[in-house]
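The values are calculated or read from the model by the stated rules, or taken from the named source; none is laboratory data. Keep in mind that this is a model prediction, so the values were computed, not measured. Ideal geometry is used to build each Cβ from the backbone, glycine not excepted, and the neighbour counts take in all protein chains shown. We work out accessible area using only protein heavy atoms, side chains counted, and drop any ligands, DNA or RNA first. Shrake-Rupley method; radii C 1.70, N 1.55, O 1.52, S 1.80 Å.
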Amino acid sequence: MNPDIIDGFTQASQLETILAVAAGCFIGLVVGMIPGLTISTGIIIVLPLTFVLEPEISIALLLGLYVSGMTGGSFSAILLNIPGTPSASATAIDGNPMAKNGEAGRALGIAITASFLGGLFSFLCLYFIAPLLAEIALKFQSPDLFSLVFFGLTIICSFAAKSLVKGLLSAVIGLAIVTVGQDPMMGTARFTFDQVNLISGIHFLTALIGLFAVPQLVDNFADMMKSETATKNAANIKSVLPKLADLKLMRLPVAIGAPIGSFLGILPGAGGPIAAFISYDYTKKLSKNPKEFGNGSPQGIAAPESANNAVTGGALIPMMTLGIPGDPVTAILIGALLIHGLAPGPLLFVENGEFAYGLIFSFFWANIFNIVIALIGLRYLVKVLVIPRTFLMPTIAILCVIGSYALRNNFFDVYVMFGFGLLGLAMRWLDMPIVPLLLAMVLGRQLEEHLRVSLIASKNDVTVFFTHPFSLFFLCLAAASIFWSFWAEHKSKQKQDQLEI
Amino acid sequence: MTSLKYVFLGTATAALMVAGQAQAEWPEKAIEFVIPFGAGGGADIEGRLIAKAMSKELGQPVVPVNKPGGGGAITYTYVKNSKPDGYTVAWNSTSVLTTTNIGNVPFDYTALDHIGQVAQQPIPFVVKKSARWNTLKEFMDECKAKPSTLKVAFAGFGSATHMAGVALTQLSGCKPIMLPVKGPDRRKMILSGETDAAVDIFFVPLKLVRAGKMKFLAVSSGKRNPASPNVPTAKELGIDMEFDLFRGLSVAKGTPAAIKNKLEAAMIKAANSKAFAGRMKKLKLTLAPMGQKEFGAKLAKANANIVAIMKKAGMYQSKAK
Amino acid sequence: MSNMRRRNLIAAIILLLLCAGYAYLTANLPTRAIENTTQPSFFPWVVTVIMAVLSLGLLAQAFLPTISSDTPKTFDVPAKRLIYGLVLSVAYFVSLPTLGFVAGNIPFFAGLMYLYGERRPPWIAAGSILISLIVFFLFREVFQILLPSGILQGVLR
């Protein structure tokens, strides 16, 4: 057996690491549960911590938050009919009717168990697929890597937006922002306007805080949630431990949701909401009693919940092996790794195998603690739903400011963060997705470097991108994803036109 | 309510003022430890280790901050422009000589005050284990016979690996394709066969050399390295160069001598601390702590050497147009 | 012209202007005299071209009848509150370096609490002062992240 696996397991099972996972799970459940706070917000809150903690500990914290945030979203979806995170939207369809029928505890138990099973399945995917993929990725050369990153960006755009043009524009704006700062190869300044603070470029974490938090804070100006329903439904929770009959019912939806979630997790940009809805639809089609769906079917909860938690393990695969994040959370994980001098990519398994496996096992522990904390602490956790927003939102606002300051101990970054917040509002106004912009900022440097190295090595021969088999393969995939999303947009447009007529 | 609030405020501030007075001497706040390279490289890992150990010595946090770019230009400019109060320290490296002499910044290494050196390592010339060249001469001969075909990767224009690469190849009379590639990617490119060779830092690829995946053809230092005693130095192979990657500390010019001496003592103690020395040994870095005087002499000598290499290669002060 | 189309039109024009500015800066980037390399301006040119094409695509969306005319999501935020929020934030950011994180956060926090609908003065006072202090000391003492204390430097050190 690979000694790195044992070392990794030992590393992930240290007391401090485990405590960090548990803390992450706790925070994740809380932020996931509160409508108006997403997993990204939770991550922004703990972000400054990752600058000071040891890498394995901060990663453990973030993983716990990631996994539990997915589960926590279902609580408010079930109890309040408001999904705590976008990924829990599908859960509300059947979860809330069950809660209204007085079965809130049963519904929550099913959601938690399905989350656990989905997460566990994706752990197995991560454990077995990631090292293999890293092995293959070691063979990738610069043209291949360029095409891979390019494909990653196009697929993110095609998943993210209703309008392909806006998705792509968002990504291109991100690429333009990345060119600010020193040329990574020549060292000359670009677009810095003689500003010292711009020489090292704009950090994507600064951008992330502004882009995600500010629109969310503004959103919360509008909907001041009533917390009465929460307390009423929460009072109904008796036992959350799922019964044997429920476990049997869950076989089909989990068998559908877990693989779909894991697979869509691997694709950058697809993420939880899409996986949840797709597996909900499939389960409904294959179920023996599809009529129950929408009126409080346990299967209708288990399918999306197993899928959105399975996304987490899937999304870690390209993050670790290729350095390509699929969503804001994995982007932050990359940022946290880089802060500690660990560059994710195929060499992570070769040069820091112990750490790579440590991460995988921390993910395992995150799933264990997720179910344990959720099942035991649920009755107390739901009390946070009554925390008044008047306290919560200003706290998040100042944490955003501190987070952006602490990244480089620079007030300039605070202003940059606020600027990105305004940009986020403008993009919302235009219905332009922000995820492509963010991920383009993470991947932009790589894209440029791989492109330029490919051209230098081939003496400016553009055909290298088509003669390398891997590269050609990724370019075809990129073209396919653009074509598919163009077609899908056209289709939905036609449908809409028919409805209007 | 309000009275309660004042009680809280009062006790909190009082408690803190007491805590503050106990350490009125330098350092009384956290020290910024600026690392001129991106996270993940060798310089970064070592810097973080020494910062941690120094923090124990000085009783204040020593916070590592990465300010990569321009082969160290950003860090040195930043520290040069910082207040000379010892709270901003640069984790220097050979780049303090290269980036200045190539003309990335409008000053030379004397624009900073230097505290001392912690460790050093040679720059190896690395190829894949299965490569057809077993000696540097074989590589250079093939390179001379077919100019602009063999590829050599290095860290970026103006970096120390670039200097060593230029020195090695130009003094051997060969002209390879030079690929500027960052840390982990450089080693991946050797493994995938995308580049024929790389000029790298010593200890990170050493792990891969020991794992039988790569081999060193030469090292740039004056002496052979004990971690790889069979690898000849460039000088032994008849290439007239001597190049070390060193790591040490610099501060803004005009920092008071008392603070510099404190930093020097803390740095040397930190370097010799069990934890740090152990890590150095494990990493196969040569621990060679030296103080301000000795390091000053070394810098002067190394600077002359680098200027000579650059002039020979036509790179001296080849600033951006 | 639908609401979204008008927005697309405005955005497309802004983006084209930005693109032109970016192209101008790119054209004036410094170059380096090193053989067999790509210049620093290479990638920005690629970005410029793609951005121009996509902005024109967005412009087309504003006029072509076949493409999306969805009514957009809007913030249901009272415009007044949004403006107050912005003014408050700008004042906060401008004064932050001088005031420091405690003295700056307290009024900001109180203002935000008011904007989020809290109207009871004792609650606002308690919330803003306590949470600002807790956060500050949590970061400094527990997480070892130094936040400048600005004008309160003498009191808080």
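A few comments on the model shown:
- Complete set of residues in segment A:447-466 that are out of contact with any Phe, Trp or Tyr (no Cβ under 6 Å at 6 or more places or on another chain) and within 9 Å of another protein chain (Cβ to nearest Cβ): A:Leu447, A:Glu449, A:Arg452, A:Val453, A:Leu455, A:Ile456, A:Ala457, A:Lys459, A:Asn460
- Members of segment A:141-187 that are within 14 Å of chain B (Cβ to nearest Cβ), among the β-branched types (Val, Ile, Thr) and out of contact with any strand residue (DSSP E or B) (no Cβ under 7 Å at 6 or more places or on another chain): A:Val149, A:Val178
- Qualifying positions in segment A:118-164 - of a type in the set (Val, Ile, Thr) and surrounded by 22 or more Cβ atoms within 10 Å (Cβ to Cβ): A:Val149, A:Thr154, A:Ile155, A:Ile156
- So B:Asn92, is it within 11 Å of chain A (Cβ to nearest Cβ) and under 10 Å from B:Ile35 (Cα atoms): no
- Every pair of residues 6+ apart whose Cβ atoms lie under 8 Å, when the first sits in segment C:120-137 and is farther than 13 Å from A:Thr390 by Cβ and in the same structural domain as C:Val102 (by TED's automatic domain parsing) while the second is open to solvent by less than 40 Å² (accessible area, probe 1.4 Å) and not in a helix (DSSP H, G or I): C:Phe136/C:Leu147; C:Phe136/C:Ser149
- Looking at C:Ala27, C:Ala23, C:Ala33, just one residue is farther than 16 Å from A:Leu430 by Cβ, more than 8 Å from chain A (Cβ to nearest Cβ) and modelled with pLDDT under 90, and that residue is C:Ala33.
- Lone qualifier among B:Thr11, B:Thr77 - being of a type in the set (Ser, Thr, Tyr) and modelled with pLDDT under 80: B:Thr11
- Within segment A:308-354, being at the interface with another protein chain (Cβ under 10 Å from one of its Cβ atoms) and acidic (Asp, Glu) holds for one residue alone: A:Glu351.
- Matching residues, segment A:323-344, being closer than 11 Å to A:Pro55 by Cα and assigned to a loop (DSSP other than H, G, I, E, B): A:His340, A:Gly341, A:Leu342
- Of all residues in segment B:215-233, none are basic (Lys, Arg), open to solvent by 10 Å² or more (accessible area, probe 1.4 Å) and within 10 Å of chain A (Cβ to nearest Cβ).
- Some residue of segment A:319-326 being out of contact with any helix residue (DSSP H, G or I) (no Cβ under 6 Å at 6 or more places or on another chain) and surrounded by 24 or more Cβ atoms within 10 Å (Cβ to Cβ): yes
- Any chance A:Phe411 is hydrophobic (A, V, I, L, M, F, W, C), closer than 22 Å to C:Phe136 by Cα, surrounded by fewer than 24 Cβ atoms within 10 Å (Cβ to Cβ) and modelled with pLDDT of 90 or more: no
- Some residue of segment B:106-114 being away from chain A (no Cβ under 11 Å), at pLDDT below 85 and surrounded by fewer than 23 Cβ atoms within 10 Å (Cβ to Cβ): yes
- Residues that are within 18 Å of the chain's Cα centre (by Cα), at pLDDT 90 or above and surrounded by 13 or more Cβ atoms within 10 Å (Cβ to Cβ) within segment C:59-96 comprise C:Tyr84, C:Gly85, C:Leu86, C:Leu88, C:Ser89, C:Ala91, C:Tyr92, C:Phe93, C:Ser95, C:Leu96, listed in sequence order.
- Counted residues, segment A:37-60 - those being over 16 Å from the mean Cα position of the chain (by Cα) and in contact (Cβ under 8 Å) with a residue 60 or more places away in the chain: 7
- Considering only residues in segment A:426-438 that are in a helix (DSSP H, G or I) and open to solvent by less than 30 Å² (accessible area, probe 1.4 Å), the one that is farthest from the other protein chains (Cβ to nearest Cβ) turns out to be A:Leu438.
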